[in-house]
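Below: one structure, written as structure tokens.
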Amino acid sequence: MSTTTSSSTKSADPATTSPSEPRPSNFVRDTVLEDLKTKKYGDAVIQTRFPPEPNGYLHIGHAKSICLNFGLADEFGGKTNLRFDDTNPEKEEQEYVDSIMQDVRWLGFEWDGLFYASDYFDQLYQWAVKLIQDGKAYVDDLSAEEIRKHRGTLTEPGQDSPHRNRSAAENLDLFERMRQGEFPDGSRVLRAKIDMASPNLNLRDPVMYRILRAEHHRTGDKWCIYPMYDYAHGQSDSIEHVTHSICTLEFEDHRPLYNWFIQQLGIFPSQQMEFDRLSLTYTLLSKRKLLTLVQEKRVTGWNDPRMPTLSGIRRRGYTPEAIRNFCAAIGVSKTNGTLELAMLEHFVREDLNKRAPRVMAVLRPLKVVIDNYPEGQVDEVDAVNNPEDESAGKRKVPFSKVLYIEHDDFREDPPKQYYRLSPGREVRLRYGYFITARSVIKNDQGEVVEVHCTYDPATRGGNAPDGRKVKSTIHWVSAAHAIDAEVRIYDKLFARQDPNQVEEGQEFTANLNPASLEVITNAKLEPSLANAPIEARYQFERLGYFCVDPDSEPGHLVFNRTVALKDTWAKIEKKSGS
RNA sequence: UGGGCCGUCGACUAAUGGUAGGUCAAGUGCCUUUGGAGCACUUUGUCUAGGUUCGAAUCCUAGCGGCCCAGCCA
């Protein structure tokens, strides 16, 4: 992929501390550049952070954020922390923490600091006490529902809680007793005292702490009160001296609150900036909904190869490079849009094309017998491992009298522009010989089950000495040498471009693509694949990119199709069909 | 209809008052022992209307359209 040329890279920029590749311009990077130039943070390097909540697995949308945050720090010699936003013990688990760390590293990034919002619970508590002392926070006894009623609506101001003007002493006492566990869950909250009439709902005395008796994955039962996101996040950023706190657009309305806490506390002024969340066609990127798919067993787990999670995509065969290139190419803006899935697929193909060894595999075997080929003779033909990479070398592939070819590669009655095998037609068997179809054998249903051909011994390797050309080259596997494999063909998980678009009363699961997985149990592979290791990626010539699934066992290989090759014939067929 | 944000080819994104460019997709041709890859070419765009300016995608005004916010989720 070539990087977009941008004006910001035309001239050497003194703020750029690394001589790295020109990077695509975006408004976040521009701001960093500007802040560095004006020395907004003195001589300090920029500090970013990736702050996932450990309540699910990371997905491709997170990859965009990871690449942005780590990428900025890399480019400008800054640092990036991994910080778990673990303020809601009811939804968070160690399993998610572990998977997140694994996925970030797999993507190719290493954090500078590893932190948890829960590391700061004591500090956060002390700051809350300070806000109470300053008359900026109060304990409210209203129920959740009463608070909601008092909040007003989008168009009407809220009303003050009757407890809004308690004395600092009383608030201090109550808050301390909240922490001590004197009150039942949900009976009281600590609220910031801001403005119940603010047009920004986030400023209508937001809740800072709630009482929640839940086992926290790190602090256990030490606390029975937990800070809310708005109170925890900005302060965590500030503690870590995060200079650029990059989050998604839906937090734009929270920025005034983010700033309010920092200002009241007089602590390090981290700056929040918001960019657009990634959306992809035919894809859902909502941890809540992905969780639903897992819980309802619509998929086999978070790492089902159809899932847009990093672990799913990894198992599907995507490379970290492909994802990083994708993230660099899609850019960062404030526009809410939806990217075509084709864009993502392009970047896997691009990467795999360069690195994946080619191999021959037949997914839907059709038996071919070469009548004039000597019985029992085996011919080891040379095959190129990767035409894109000469250093990948060559291998031998056994050729013999009985072969399998792809069922699609033979048509008894070939349509226009179909160049593959058909009665009387000569084609090339890749790296093998030219063969001509002579007759077919059909089963009781009238389906072709065997094609008898003749071959031209002079065409060994694939070229005719007399210079005659052939329109098409097809792949094959020697029947006697083939190894059997299971191949899982994946398609879009959702049938609708926008999986959230549902008929009245329906769930998003109604949009699930019933054909998202097709399992082929009798695929035939060339023997070189016998010892293919888990996660190894190949191009099955003319078919697509495939990788070895962890479900594989000795003697039973399982492949996942990562993505199909672009298929010109399919286009022609579709066009003439419609 | 309170507040916030956003409108550039079909999609994503650049242009920072001075040539509307790139990537994907689509199409055409070349090439090809993968109908792959590669190469070349092509199509299509500044939401609308006013204004400022020598000059506006960019600044101003007004419309129109979209997204977000009324969790003791993040």
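Readers should treat all values here as calculations from the given coordinates under stated rules, not as data from a laboratory. All values reported here derive from a predicted model rather than from experimental measurement. Heads up, the Cβs are rebuilt from the backbone with ideal geometry, glycines too, and the neighbour counts pull from every protein chain shown.
Computed per residue of chain A from DSSP H runs no shorter than four, each worth -39500 (n - 2.57), the mean residue ellipticity at 222 nm is -8000 deg cm²/dmol.
Between A:M273 and A:S245, A:I246, A:C247, the built amide H atoms are under 5 Å apart, and every one of these is 5 or more places off in sequence or on another chain.
Counting only residues at least eight positions apart within a chain, or on another chain, the lysines with an alpha carbon under 18 Å from that of A:K40 are A:K79.
If the chain linking A:S286 and A:A197 were pulled fully straight, counting 0.36 nm for each residue of separation and taking away their Cα-Cα distance, it would gain 28.8 nm. Evaluating 6.51 cos²θ - 1.76 cosθ + 1.60 at θ = phi - 60° for every residue in region A:425-433, the Karplus couplings come out as 8, 9, 9, 9, 8, 3, 6, x, 10 Hz, glycine and proline recorded as x.
Here is the list for region A:504-537: GluC sites (Glu not before Pro) lying in DSSP coil, each with at most 14 other C-beta atoms within 10 angstrom of its C-beta, are A:E504, A:E507, A:E535. Loop-located GluC sites (Glu not before Pro) across region A:196-296 with a Cβ neighbour count of 15 or fewer within 10 Å are A:E215, A:E296, with loop assigned by DSSP. Taking R0 as 30 Å, what's the FRET efficiency between A:D371 and A:N522 from their Cβ-Cβ distance, rounded to 0.05? Calculated value: 0.75. Counted residue by residue at 0.36 nm each, then reduced by the alpha carbon distance between them, the extension gain from A:T31 to A:D43 reaches 2.7 nm.
Exceedance of the 27 Å cut-off in Cα-Cα distance is limited, within the set A:K442/A:K492; A:K289/A:K354; A:K64/A:K571; A:K401/A:K471; A:K287/A:K575, to A:K442/A:K492; A:K289/A:K354; A:K64/A:K571; A:K287/A:K575. By other beta-carbon atoms within 10 Å, ranking A:M196, A:M360, A:M208 with the fewest at the front produces A:M196, A:M208, A:M360. Here each label is just a point 7 Å from Cα along the line to Cβ, and for A:A536 and A:A342 those points are 3.4 nm apart. Packing around the peptides A:47-55, A:115-123, taken as the average count of other Cβ atoms within 10 Å per residue, puts them in this order, highest first: A:47-55, A:115-123.
Under a 5 Å amide H cut-off, with hydrogens placed 1.01 Å from N, A:A536 pairs with A:V548 among residues at least 5 apart or on other chains. Approximating the spin labels as points 7 Å out from Cα along Cα→Cβ, the A:R298-to-A:D122 distance works out to 4.5 nm.
The alpha-carbon of A:K566 sits under 15 angstrom from the alpha-carbons of these aspartates and glutamates, leaving out residues fewer than 8 places away in its chain: A:E345, A:E350, A:D351, A:D491, A:E541.
Extending 7 Å from Cα along the Cβ direction at A:E170 and again at A:S439 yields two label points whose distance is 10.3 nm.
Using the Cβ-Cβ distance between A:D382 and A:D112 with R0 set to 45 Å, the FRET efficiency from 1/(1 + (r/R0)^6) comes to roughly 0.35.
In the frame of its principal axes, region A:412-472 has Cα extents of 41, 25, 16 Å, reported largest first. The distance from the alpha carbon centre of region A:261-313 to that of region A:387-437 is 45 Å, rounded to a whole number.
Could you list the residues of region A:260-288 with an amide nitrogen less than 12 Å from a label point located 7 Å from the Cα of A:E252 in the Cα-to-C-beta direction? Answer for region A:260-288: A:274-277. Rounded, prolate or oblate for region A:42-142? Axes are the square roots of the Cα gyration tensor eigenvalues, ordered a ≥ b ≥ c, and the cut-off for rounded is a/c under 1.5. Because a/c hits 1.5 or more and a/b fails to exceed b/c, region A:42-142 counts as oblate.
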